[in-house]
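The values are calculated or read from the model by the stated rules, or taken from the named source; none is laboratory data. The structure displayed is predicted, hence computed values, not measured ones. Positions of Cβ are backbone-derived with ideal geometry, glycine not excepted, and every protein chain shown enters the neighbour counts. What goes into the accessible areas is simple: the full protein's heavy atoms, side chains included, and nothing from ligands, DNA or RNA. Shrake-Rupley method; radii C 1.70, N 1.55, O 1.52, S 1.80 Å.
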Amino acid sequence: INIQFRPTDERTYSGLLLVNANETSGVTELAISGKGKAIRELSLRGVSGGFESMTIDFGELTTGTSATRTLRIRNSGNDDLRLYTISYPEGFDGPHKSLAIVRDDIIRVDENGDFLDDGGNLIPDEVQTLEEETPTLTLGVSIAPGSYLDVDVTFNPESPRSYDALLEVSSNAT
């Protein structure tokens, strides 16, 4: 007999497995236990035409112009993924460099990319739009398991040369 363990929380589980058979000695017991572990897996993908890829290619741009592409930050774990900051290299820009929190609670992102408060209520657009001039605190965007957040990344070449860079995302990924 196979026994499957599927924890729903990060904690220790224990109990007794009771087997009732037609033997004369009655019920047989076996102590079982396991520990649930939270997994917050971060994956980054470029999105173009509805398809995900391992890179974001901006092609060739004339200096002084810009192009925007989508970065998808996905949580494929089983616990909320907390996004802190995104560091953009020279020539690239986007949100969440250091986002000011105007609310004390954690902001969740659902499977549709909508921002929700702790009660699951949609956060109005005027609260989502935060100015970089606002005093900076820790970013409080939380991405639920199985959900993602799409972020627009802008490329603005400052000189005629090749740009090959990595974005750095700071989070609580395990």
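Suppose the filter is touching a Gly at 6+ places or on another chain (Cβ under 7 Å) and charged (D, E, K, R); does E29 pass it? In short, no.
Comparison of G59, G49 shows that the only residue that is of a type outside the set (S, T, N, Q) and modelled with pLDDT of 90 or more is G59.
Of the set (1) within 19 Å of the chain's Cα centre (by Cα); (2) part of a strand (DSSP E or B), all apply to R40 but (2). Of everything in the range 78-120 that's modelled with pLDDT of 80 or more and within 12 Å of Y148 (Cβ to Cβ), which residue is surrounded by the fewest Cβ atoms within 10 Å (Cβ to Cβ)? Only one residue tops the list, namely L83.
Picking from residues in the range 34-58 that are open to solvent by less than 100 Å² (accessible area, probe 1.4 Å) and free of Cβ contacts under 8 Å to residues at least 24 places away in the same chain, the one that is nearest to A144 (Cα to Cα) is E52.
Taken over the range 6-18, the criterion of being open to solvent by less than 100 Å² (accessible area, probe 1.4 Å) and part of a loop (DSSP other than H, G, I, E, B) is satisfied by P7, D9.
The one condition from (1) in a strand (DSSP E or B); (2) among the β-branched types (V, I, T); (3) at pLDDT 85 or above; (4) open to solvent by 60 Å² or more (accessible area, probe 1.4 Å) that T70 does not meet is (4).
Listed by position, the strands (runs of 3 or more DSSP E) inside the range 130-174 whose residues that are crowded, with 18+ Cβ neighbours inside 10 Å and modelled with pLDDT of 85 or more number at least 3 are 148-155.
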